[in-house]
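Scroll down for the structure; my scribbles are underneath it.
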Amino acid sequence: MSGNIVIYGAGGFGREIALMLREINQAKETWNIVGFCDDGKRKDEEIDGLKVLGGFDHLNSTTEKLAVAVAIADPSIRKKIATALTNSNLHFPVLVHPHALIGDTGRNQFEKGVIITAGTIFTTGISMDAFAIINLSCTIGHDAKIGKFCTLMPACHISGNVVIEEGVLIGTGASVLQNLNIGQWAKIGAGAVVTKNILAGQTAVGVPAREIFTNDKRV
């Protein structure tokens, strides 16, 4: 067994990660799931059979070695939480569902805090930076690069040689064609098909995806 683990975030995605950890344990006994931490929940509240232990203060004051899964889908909130967890006793493992196909393990690289859920398929030459999340049934093509704190919602399809910069959120069922770049903190709407580079900080929706600017002018 790898040790004790706490899930930060007791909302819907946190509950899904609790289920994922149990399914990891069914395949191979790995984690003792201690409970949730969430500053927005009442201490000792029970959620799906696990107690809320506290929030940031609980984790930053613990004296035991403890793994943490930051189970927050929103990239900006996840960055805030991960940055605030400064206790040297904490570590952030890569979590991979047993029904994910992570491809060429010699050429794919995953940094700390990465979460890869069930049904996801990787090929080769792929890199995922710290705290990126791949939700259910996504496909990631060769040589794709996924930046820190990115979130891919379920059933996204990322083609080869795509660069997704820090903090990007890609909505359910969206597709990104090959050789494209999505700038940091951009958002891609659900079901969009990205056929051109997307600028940093922009929101793109539709088929083909078009950027929406802050003055609500569409281009």
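Which parts of the range 137-155 would a label at Ile121 reach, counting a residue when its backbone N lies under 15 Å from a point 7 Å out along Cα-to-Cβ?
137-142, 155
Could you compute Rg(Cα) / (2.2 N^0.38 Å) for the range 85-193, with N its residue count? Mind dumping the intermediate values first?
Values: Rg = 13.0 Å, N = 109, 2.2 N^0.38 = 13.1 Å.
Its radius of gyration relative to the 2.2 N^0.38 Å reference: 0.99.
Using θ = phi - 60° and the Karplus relation 6.51 cos²θ - 1.76 cosθ + 1.60, list the HN-Hα couplings for the range 90-107 in order, rounded to whole Hz, with x at every Gly or Pro.
The phi angles translate into 8, 9, 10, x, 6, 10, 10, 5, x, 9, 8, 9, 8, x, 6, 5, x, 10 Hz.
Pick out which of Pro208, Pro154, Pro75 has the largest mean-square fluctuation in a Gaussian network model of the chain, springs linking Cα atoms closer than 10 Å.
Of Pro208, Pro154, Pro75, the most mobile in the Gaussian network model is Pro208.
Keeping all protein chains in place, calculate the accessible area per residue for the range 118-218 (probe 1.4 angstrom), answer in Å². Could the numbers behind the result be given before it?
Values: 4130 Å² over 101 residues.
Accessible surface, normalised per residue, equals 41 Å².
Farthest toward the dipole's positive end in the range 7-74, which of Cys37, Phe56, Val68, given Cβ charges of +1 (Lys, Arg) and -1 (Asp, Glu) about the Cα centre?
So the residue furthest toward the plus end is Val68.
For the chain, give the share of DSSP beta bridges that are antiparallel, in percent and rounded to the nearest 5; count only bridges with both residues there. Provide the component values of the computation, followed by the final result.
On the way: 6 of 49 bridges.
Restricted to the chain, the bridges split so that about 10 percent are antiparallel.
Summing +1 for each Lys or Arg and -1 for each Asp or Glu, what net charge is found among the other residues whose Cβ lies under 12 Å from the Cβ of Asn87?
On the way: positive: Lys65; negative: Asp57, Glu64.
My count for the surroundings of Asn87 gives -1.
If I stretch the segment between Ala190 and Leu19 completely, what's the gain in nm (0.36 nm per residue apart, minus their alpha carbon distance), one decimal?
Details: separation 171, 0.36 × 171 = 61.56 nm, distance 2.46 nm.
Working it through step by step, the gained length comes to 59.1 nm.
Please give me, ordered by residue number, the GluC sites (Glu not before Pro) of the range 29-61 that lie in loop per DSSP and have at most 10 other Cβ atoms within 10 Å. Working shown, then result.
Working: sites: Glu29, Glu45, Glu46; in loops: Glu29, Glu45.
Passing sites in the range 29-61 are Glu29.
Quick one: Karplus J couplings for the range 46-58, per residue in order, coefficients 6.51, -1.76, 1.60, θ = phi - 60°, nearest Hz, x for Gly and Pro?
Karplus-based 3J(HN,Hα) across the range 46-58 equals 9, 10, 6, x, 10, 8, 7, 8, x, x, 3, 4, 4 Hz.
Just to verify a number: FRET efficiency for Ala84 and Asp44, C-beta to C-beta distance, R0 = 30 Å, to 0.05?
Working: r = 22 Å, r/R0 = 0.74.
The formula returns an efficiency of 0.85 here.
Rank these residues by their accessible area, most exposed first, probe 1.4 Å: Thr172, Thr63.
Greatest to least solvent exposure: Thr63, Thr172.
Across the chain, where is the longest run that never hits trypsin sites (Lys or Arg not before Pro) in a DSSP loop with at most 11 other C-beta atoms within 10 Å?
Working: sites that count: Lys28, Arg42, Lys65, Lys217.
Longest stretch, sites excluded: 66-216.
At 0.36 nm per residue, minus the direct Cα-Cα distance, what do Ser61 and Asp104 gain on full extension? Give it in nm, one decimal, please. Please list the in-between numbers first.
Working: separation 43, 0.36 × 43 = 15.48 nm, distance 3.85 nm.
Here the segment from Ser61 to Asp104 would lengthen by 11.6 nm.
Using only the Cα atoms, what convex hull volume per residue in Å³ does the chain have? Write out the running numbers ahead of the final one.
Numbers: hull volume 24.9 nm³, N = 219.
With only Cα atoms used, the chain gives 113 Å³ per residue.
Of all accessible surface on the chain at a 1.4 Å probe, what whole percent is carbon and sulfur?
Working: 5140 of 10080 Å².
The nonpolar share, carbon plus sulfur, comes to 51 percent.
Percent of Cα-Cα pairs more than 23 Å apart in the range 12-111, please. Can you show the working numbers first?
Numbers: 1470 of 4950 pairs.
Roughly 30 percent, once rounded to a whole number.
With the contact rule set at Cα under 8 Å and sequence spacing of 6 or more, what percent relative contact order holds for the chain? Working shown, then result.
On the way: 607 pairs, mean separation 22.8, N = 219.
The value is 10 percent.
Can you pull the one-decimal nm distance between simple spin-label points at Asn179 and Ile77, each 7 Å off the Cα toward Cβ?
Taking the two extended label points, one gets 3.9 nm.
The values are calculated or read from the model by the stated rules, or taken from the named source; none is laboratory data. Because the structure is a prediction, the values reported are computed rather than measured. Using ideal geometry, Cβ is built from the backbone for each residue, glycine included, and neighbour counts are taken over all protein chains shown. Only protein heavy atoms, including side chains, enter the accessible area calculation; ligands, DNA and RNA are left aside. Shrake-Rupley method; radii C 1.70, N 1.55, O 1.52, S 1.80 Å.
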